[in-house]
Amino acid sequence: LINGMMNTGDVGFMDEDGFITVVGRSKAILVSSEGEKHSPEEIETEIQNESNYINQIILSNNENPYTIALVTIDEEAVKQTIKKNKITQPEDLYAIIEKDFQSYTANTKTNVMWQPAHFIITGTEWTEKEGFINSTMKIVRNKIKEAFDERMQTAFTDKNKAKEEDVGVLKELFF
């Protein structure tokens, strides 16, 4: 207890009727280059629900000029798309997946600052084996960010190279 309040690490608000709504975790907060803060969970859920290909997602900003997303993709959905569209080149697959990733922006009310400017495809599903998922099956954000730090830095500095890296991941997984 801190000042008579239970300190759970959750972020939320109390409405006028005294009901508490939890919107995220304090450890997961996005921080813009201007110092503005936002909880990513609602945005991540919205993007994941809109996408045909995202299996897992976390957003990252950490005082950078824009937000990026680290994602794993639904391999079965991608394989079906490859077969259905007779895709033979990873660049063509990337174009379809990128369009899908960005589709949520048409209907979102999320501030553009928190919408990912780039999606990093990290490869296969994050699991407990790598420490990316804990024993309660929750994503361990800091472990994922550490593991993909170099790719995140590339996405923040050179979007073309970041795209090439994503195409390389798709090539390795599907071609």
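None of the figures in this text is laboratory data; all of them are computed from the coordinates on show. Here the structure is a predicted model, which means the values were calculated and not measured. Note: ideal-geometry Cβ built from the backbone for every residue, glycine included; neighbour counts use all protein chains shown.
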### Task
Quick one: what are the phi-derived ³J(HN,Hα) couplings along segment 146-158, Karplus 6.51/-1.76/1.60 with θ = phi - 60°, whole Hz, x for glycine and proline?
5, 5, 10, 4, 4, 5, 5, 4, 4, 4, 7, 10, 8
#### Entry: Inter-site label distance for residue 105 and residue 86 at 7 Å from Cα along Cβ, in nm
3.2 nm
### Message
Given Cβ point charges of +1 (Lys, Arg) and -1 (Asp, Glu) and nothing else, what value in debye, to the nearest 20, does the dipole of segment 76-175 about its Cα centre take?
### Response
340 debye
### Task
Would you work out which of 53, 81, 69 lies farthest towards the positive end of the dipole of segment 46-111, given +1 charges on the beta-carbon of Lys and Arg and -1 on that of Asp and Glu, about the Cα centre?
81
### Task
Taking Cα extents along the principal axes in Å as the quantity of interest, determine which of (i) 46, 37, 35; (ii) 49, 45, 28; (iii) 61, 34, 31 was computed from the displayed structure.
(iii)
### Query
What are the ³J(HN,Hα) values, in whole Hz, obtained from phi via the Karplus relation 6.51 cos²θ - 1.76 cosθ + 1.60 with θ = phi - 60°, for each residue of segment 37-45 in sequence order, with x given for Gly and Pro?
10, 8, 7, x, 4, 4, 5, 4, 5
#### Entry: Paramagnetic reach from residue 36 (point 7 Å along Cα→Cβ, amide N under 14 Å) across segment 102-138
109-116
### Query
Relative to the Cα centre, what is the charge dipole magnitude of the chain, using +1 at the beta carbon of each Lys and Arg, -1 at the beta carbon of each Asp and Glu, and rounding to the nearest 20 debye?
380 debye
### Message
Shape verdict for segment 89-129, please, from the Cα gyration tensor: rounded (a/c under 1.5), prolate (a/b greater than b/c) or oblate.
### Response
oblate
#### Entry: Percent of Cα-Cα distances greater than 17 Å, calculated over segment 66-109
38 percent
### Query
If you take the square roots of the eigenvalues of the alpha-carbon gyration tensor of segment 67-171 and sort them as a ≥ b ≥ c, do you get rounded (a/c under 1.5), prolate (a/b over b/c) or oblate?
rounded
### Task
Counting helices only, and only those DSSP H runs with n ≥ 4, report the 222 nm mean residue ellipticity of the chain as the sum of -39,500 (n - 2.57) divided by its residues, in deg cm²/dmol to the nearest 500.
-11500 deg cm²/dmol
## Note on the structure
Counting only residues 5 or more apart in sequence or on a different chain, those whose built amide H sits under 5 Å from that of residue 133 are 127, 128, 140
